[in-house]
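What follows is a short report on a single structure.
The values are calculated or read from the model by the stated rules, or taken from the named source; none is laboratory data. Predicted, not measured: the structure shown is a model, and the values here were computed from it. We place every Cβ from the backbone using ideal geometry, glycine too, and count neighbours over all the protein chains shown. Please note that ligands, DNA and RNA were not included when accessible areas were found on the heavy atoms of the full protein model with its side chains. Shrake-Rupley method; radii C 1.70, N 1.55, O 1.52, S 1.80 Å.
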Amino acid sequence: SSRGHWLIELRRGNLDTLGRLFGNEDPLYWDVFVKGEAAVTGRHRLRGNLLRSDDALEFQEQIDGDRKLFSTAYDATHLWLTHEAIFGAGLLLETSAYEAKVERDRRGSELEEEAGFSIRDRRDLEVRGLRQDWSLQRSPRHSLSWGTELRRFDVRYDYHAEREFDSELRRLRHDF
């Protein structure tokens with residue numbers, strides 16, 4: 001309508017179908033973006049946005065008792081809300097509140113002849129913020145902008161790693 005509009009986009013990857021042809025990979029990813037905007041009055045407008053994505057990859061291989069298992073996952077959610085206000089001729093105020101959450105989980109294991117390895121890596125990030133921007137345009141060629149932003153970060157790491165070499169060949173396997 002004339003007072004507002006919205007948009008939704010949804011995508012899904014299809015590499016999981018291709019990965020099944022090779023037999024040991026299973027990638028999956030998708031994302032969605034949602035945007036809505038509404039004019040409250042002639043001088044005030046509200047906007048909301050959401051971006052959500054998810055990626056995952058699994059790899060498994062077993063040959064003669066040796067085994068490899070890998071798994072990785074990545075999830076992200078971003079949400080932001082914005083208010084725009086016009087004050088007088090050429091003065092614009094934009095205020096935004098936002099939140100983002102990103103989670104990553106990576107696992108692993110490898111039991112090959114003469115080597116061993118295991119890894120677990122988990123990372124979580126949360127960001128919250130409030131932002132305010134002012135713009136003043138006095139003429140088509142001159143403008144002035146200023147603003148401020150407040151952010152809070154919360155980060156967590158959970159890491160584990162092992163390696164074990166059972167023979168004299170371990171000196172040659174420096175790639176681990």
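Tally time: how many residues in region 121-148 are surrounded by 15 or more Cβ atoms within 10 Å (Cβ to Cβ) and over 33 Å from the mean Cα position of the chain (by Cα)?
1
Please verify whether region 151-163 includes one or more residues that are aliphatic (A, V, I, L, M), open to solvent by 90 Å² or more (accessible area, probe 1.4 Å) and over 24 Å from residue 4 (Cα atoms).
No, because not a single residue in region 151-163 is aliphatic (A, V, I, L, M), open to solvent by 90 Å² or more (accessible area, probe 1.4 Å) and over 24 Å from residue 4 (Cα atoms).
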